[in-house]
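Beneath this line is the structure, given in structure tokens, with notes to follow.
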Amino acid sequence: MMLALLADLLTLGIAIAISPLTIVAVILMATSGKGRTNGTAFILGCYLFAIVLVGGLVALGRGAGTDDADSGPNLFVDGVEIVLGIVLLVMAVLQWRKRSDHSTPKWMASLDSMNVVKAFTLGVLISGPLSPKDLPLLVAAGGRISQSALPVEQIVAVILVFGVIGVAAAAIPWLISVVSPTKVEVRLTGLRTWLVTNHAVIMTVLFIILGFKLIGSGVADLVR
């Protein structure tokens, strides 16, 4: 059951992990020589926000009875999932209209002067409150987990593993900065440029795929 739930959440976790600007932020920290300190704090901020938000939503959902397949709260979660899917499809259209904008966000210019606390705070903000993609996905994941009838210890394990999946892509440039700090610039500069240039297109594709997935999952639960 736990593995089945993780498999169901895998698409959402991978979609959260594929966040071009988050990855670029870690690359910039790594290439400025702050990958080990600020990069660690940044990723930790992303991870903690994800598991705390999802954990809180799961606790609220299970307290309301979403783990009962025939309950009103369960149907509400499915409805929310459908709405989030529609929102993502709308965001896909908006992102596509921005595909010609290849500028780097202004907040990235301040990464070199950030301390550990600010890097951690940025990780918290960029993984949810300031992310038009990740926040709906975290909410959807919380709703999906809350519907499971797994025991509490397995639910906690699922949330922790889901959080790891969500930061996996950003952890790769951080790991390179730790293992091979002298070659960070050579290995990551090209990737950083490509991600910034193609950010809007990548996000458009993700929004379309995830939008239809959430709508499909919500509808399937409602009609079964």
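Some notes on this structure:
- Total residues in the stretch 146-163, condition under 18 Å from the mean Cα position of the chain (by Cα) and closer than 14 Å to residue 4 by Cβ: 4
- Qualifying residue in the stretch 191-204 (condition: more than 17 Å from the chain's Cα centre (by Cα) and among the basic types (Lys, Arg)): yes
- Among (1) free of Cβ contacts under 8 Å to residues at least 12 places away in the same chain; (2) surrounded by 15 or more Cβ atoms within 10 Å (Cβ to Cβ), the one test that residue 40 misses: (1)
- Selection status of residue 177, crowded, with 18+ Cβ neighbours inside 10 Å, out of contact with any Phe, Trp or Tyr (no Cβ under 8 Å at 6 or more places or on another chain) and not in a helix (DSSP H, G or I): no
- Only one of 166, 142, 216 that is more than 28 Å from residue 31 (Cα to Cα), within 17 Å of the chain's Cα centre (by Cα) and modelled with pLDDT of 85 or more: 142
- Any hit, the stretch 93-105, residues being part of a helix (DSSP H, G or I), farther than 30 Å from residue 219 by Cα and either aliphatic (A, V, I, L, M) or modelled with pLDDT of 90 or more (or both): no
- Residue, farthest from the chain's Cα centre (by Cα), within the stretch 1-60, restricted to residues that are among the small types (Gly, Ala, Ser) and under 15 Å from residue 135 (Cα atoms): 56
The values are calculated or read from the model by the stated rules, or taken from the named source; none is laboratory data. Note that the coordinates shown come from a computational prediction; the quantities given were computed from them, not determined experimentally. With ideal geometry, Cβ positions are generated from the backbone for all residues, glycine too; neighbour counts draw on all protein chains shown.
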